[in-house]
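The values are calculated or read from the model by the stated rules, or taken from the named source; none is laboratory data. Quick caveat, the model's predicted, so the values are computed rather than measured. Cβ atoms come from the backbone with ideal geometry, glycine included; neighbour counts cover every protein chain shown.
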């Protein structure tokens, strides 16, 4: 599993028009030159429409918690 902190992910998603689908976020990050860890974290997020960067950060945080375990 990849790891990228929410601030790093947010940096590559700057300029995204919300609401955005997960695939839109991945495509935007790729166009912004995101590294593979950021792309993998975005791919691991649940499929949904994200209405704001706050929702994306929350989803990234959930992935981080899953990786660290209880």
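Values computed for the structure shown
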| quantity | calculated |
| --- | --- |
| Residues within segment 12-52 that are in a helix (DSSP H, G or I) and buried (at least 16 other Cβ atoms within 10 Å of the Cβ), tallied | 13 |
| Residues located in segment 1-11, provided they are crowded, with 19+ Cβ neighbours inside 10 Å and modelled with pLDDT under 85 | 4 |
| Answer residue from segment 1-11, given it is in a helix (DSSP H, G or I) and under 15 Å from residue 63 (Cβ atoms) and is nearest to the chain's Cα centre (by Cα) among those | 9 |
| Where a residue in segment 19-45 is on the phi > 0 side of the Ramachandran plot and its partner, wherever it lies, is assigned to a helix (DSSP H, G or I) and crowded, with 16+ Cβ neighbours inside 10 Å, with Cβ under 9 Å and at least six apart | 33/12 |
